[in-house]
Amino acid sequence: MPFRAGSDLEDGETVSAQDDVDDVAEFAALLRTLKERTDRSYGSLARRLAMNTSTLHRYCAGEAVPLDFAPVERFAALCGASPEERLELHRRWLLAVAARRQPRTASPAGAAQEASAAAEADETEHAPNGVDGPSEVPAEEPPLPRHPWYRRRRVAVGLAAACAVLAALGSLAALPDGRRTPAGDRAGAAGPAPSGTPESEAQDRRGASPGPSGSSPAPRRSTPSATPKQPKPSPSPSTRTTPPTGGSAPAPPLTWSADSQAWKLGCGHDYVIAKPPGQVPPPPAPQDAGVWAASQNAVHGGETLVRLTVQGRTDTAVVLEALRVRVVGRTAPAQGNAYAMDRGCGGSITPRSFDVNLDKDRPIARAVAGNDTGTPIPAVRMPYRVSARDPEVLLVNARTQGCDCRWYLELDWSSQGRTGTVRIDDKGRPFRTSGIKGLPRHVYETSARAWVPYS
């Protein structure tokens, strides 16, 4: 933004606001250019940026300028801006923020009039009664300052409140130990009272020990350097004033649950079991798959579908930043037989999911779009926002052909300046998926009520 020196201003001239308007307009124009590259609406973009739709629209219209560059950076990344465009966007944002913070310059004539009026008002307020101007007072006896009435009243009210507090503390301190209230305990725990006050005398009386003959204790002489004993706190838990030590870290602002026994389209799945077909019971219903697999020591064959449900603890938005895959073990595929839960099933709806190839050295969770009777279902692309009223269900499909892999997921989140990572696993253990290539495969024949080779 061009800067005009003060020597160029004449006759109360101020810097024109046209330059400021141009800076804000150029920043908003670049935001609209990036937005038009995508096929998303303002509402879709705002949801992924964790902001209101109206706020994003005001930024792009030049009606407002964000005070923080973080949402602008996320907006540029979501719109696929190049490094050069991000640099130019940052430069225009700096100019736009400076333009919105530019103060309005008052004319010299108006400033002089305001200063003159303030000086006259100050002289009138400090002038004695019946005199129009400041009175002449001898130097050796300066006049006492006259405060406004509301200041005098504030001082009086403060003194009255202080006296009331001191009286209450003195009466509470004089109570016996058995009748002391929590408020009295807190007052005693705050520190010793000054010597000479009723509270300090009561503490001296409580701190003295009786003589052997049971007579009243001898009075203690308080000196400026002596510190009276503090009363013992009440043993009741309700009177505790200090927090417990060793507090744990705050819980993350989101909750999650994972179901690793999901079947493809609700009916198709393979398990590897180290038993002959005659010892394996019939396939279970999908809702009983977990119990059935645990009883047979079954391992997911070929793929594992994890249905992940994420939800915020409150209405505050939590942004899901990234979903990562961690493989913690690779061995040869498990030996046994592969048992198919069905001969095959199909459906008109293919849900959107994250596809993971565990055979890669560094597998990643790749977002895959779904399909609803020919209508594409957009993929769940990070970042994504959840809350207590807006949960999200993510389907992760991890597959392998050549290993017995043990793995888990990591979900990065951010909310209100906090960031963190939660581990998604199978009830404290890694997920397990084994390849079935080359293994005998069987399917259950309902008419014969037996497992038969898969054809």
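Where a number appears in this text, it was derived from the coordinates with a stated rule and is not lab data. The shown structure was predicted, so the numbers you read here are calculated from the model rather than taken from an experiment. Quick reminder, even Gly has a Cβ in these numbers, built from the backbone with ideal geometry, and neighbours come from all protein chains shown.
A few comments on the model shown:
- Between Arg86 and Ser447, the distance separating the two model label sites (each 7 Å from Cα on the Cα→Cβ line) works out to 6.3 nm.
- On the beta carbon distance between Arg362 and Asn52, with R0 = 56 Å, the FRET formula returns roughly 0.90.
- Relative packing of peptides 284-291, 403-410, 260-267 - highest average C-beta neighbours within 10 Å first: 403-410, 260-267, 284-291
- Taking packing as the residue-averaged number of other Cβ atoms within 10 angstrom, the listed peptides 77-87, 59-69 run from highest to lowest as 59-69, 77-87.
- Sites Val291 and Ile377, calculated FRET efficiency, Cβ-Cβ separation with R0 41 Å, nearest 0.05: 0.85
- Alpha-carbon gyration tensor eigenvalues x 5, square-rooted, for the range 14-100, Å: 22, 14, 11
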